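The values are calculated or read from the model by the stated rules, or taken from the named source; none is laboratory data. Predicted model only: the values in this text are computed from it and were never measured. Glycine also receives a Cβ, built like all others from the backbone with ideal geometry; neighbour counts cover every protein chain displayed. Remember, those area values only see protein heavy atoms, side chains included, never the ligands or the DNA or RNA. Shrake-Rupley method; radii C 1.70, N 1.55, O 1.52, S 1.80 Å.
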Amino acid sequence: MQVDKEVDARGLTCPLPILRAKKALAEMTAGQVLRVLATDPGSVKDFQAFARQTGNDLLQQGETGDNAFEFYLKRK
């Protein structure tokens, strides 16, 4: 998957990963993909809700090999 921008929010707790993603998405154009790395377990539900509320597509989410979560959001 082509990623246009990446946000490393590892070590940050709620709501900072969402706020960093929101800021990054605001700087992107429609159709671009943002990858977010986070270590907060609550970020899984947070990003699902964020995508629903903002209309951005949560293309994929999962865990990396280093105890982090990764999220791929497509800018609406």
Please determine whether any residue of the range 10-19 is within 14 Å of LEU73 (Cβ to Cβ) and either in contact with a Phe, Trp or Tyr (Cβ under 7 Å, 6 or more places away or on another chain) or assigned to a loop (DSSP other than H, G, I, E, B) (or both).
yes
Can you find a residue that is in contact with a helix residue (DSSP H, G or I) (Cβ under 8 Å, 6 or more places away or on another chain), in a strand (DSSP E or B) and in contact (Cβ under 8 Å) with a residue 40 or more places away in the chain anywhere in the range 61-71?
yes
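Can you find a residue in the range 64-76 that is open to solvent by 50 Å² or more (accessible area, probe 1.4 Å) and small (Gly, Ala, Ser)? So that I can check it myself, show each step before the final result.
So in the range 64-76, the residues open to solvent by 50 Å² or more (accessible area, probe 1.4 Å) come out as 65-67, 74-76.
From what is left, the residues that are small (Gly, Ala, Ser) are 65.
Within the range 64-76, one or more residues are open to solvent by 50 Å² or more (accessible area, probe 1.4 Å) and small (Gly, Ala, Ser).
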Of all residues in the range 17-76, how many are modelled with pLDDT under 95 and aromatic (Phe, Trp, Tyr)?
0
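For residues that are more than 14 Å from PHE69 (Cα to Cα), in contact (Cβ under 8 Å) with a residue 40 or more places away in the chain and surrounded by 14 or more Cβ atoms within 10 Å (Cβ to Cβ), tally how many sit in the range 1-55.
Filtering the range 1-55 for residues more than 14 Å from PHE69 (Cα to Cα) gives 1-5, 15-16, 19-20, 22-33, 49-55.
Applying the additional criterion that residues be in contact (Cβ under 8 Å) with a residue 40 or more places away in the chain yields 1, 3, 25, 28-33.
In the following step, the residues that additionally are surrounded by 14 or more Cβ atoms within 10 Å (Cβ to Cβ) were identified as 25, 28, 32-33.
Counting residues in the range 1-55 that are more than 14 Å from PHE69 (Cα to Cα), in contact (Cβ under 8 Å) with a residue 40 or more places away in the chain and surrounded by 14 or more Cβ atoms within 10 Å (Cβ to Cβ) gives 4.
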